[in-house]
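Chemist: What follows is a structure written as structure tokens; I'll ask about it next.
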């Protein structure tokens, strides 16, 4: 195949595919350009690609739904743990207040009884 030659001005106005073809030819690689039209076998390939894309979207939606359920469950568990922690803290404060009250009450009782 003969190599193509052109000036710099012409080169700048060419599209990227033609520029790549010229660059390849300049290093000794000669390729045949591929036509853009679909081959008869391409329709089957396009159908397969569409089926795979639909399957991918279906799986993605299913996994997203499962992750949403998992996130909701984790959030609910976190809220329950926070409430349990708060309740334990309140119980501990109540016990500390009762112990302090008991000590003061006993001290006053002993003081007035003597």
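Chemist: Over the Cα atoms of the chain, how large are the radius of gyration and the largest Cα-Cα distance (Dmax), in Å?
Modeler: Values for the chain (Cα only, Rg and Dmax): 39.8, 123 Å.
Chemist: Let me ask another. Nearest 0.05, what FRET efficiency do residue 71 and residue 93 give at R0 = 25 Å with Cβ-Cβ as r? Don't skip to the answer; put the middle values down first.
Modeler: Details: r = 33 Å, r/R0 = 1.32.
For residue 71 and residue 93, the calculated efficiency is 0.15.
Computed from the coordinates by the stated procedures, all read-outs in this text should not be read as laboratory data. Since the model is a prediction, treat every value here as computed from it, not as a measurement. A quick note on method: Cβ atoms are made from the backbone with ideal geometry, for glycine too, and the neighbour counts reach across all protein chains shown.
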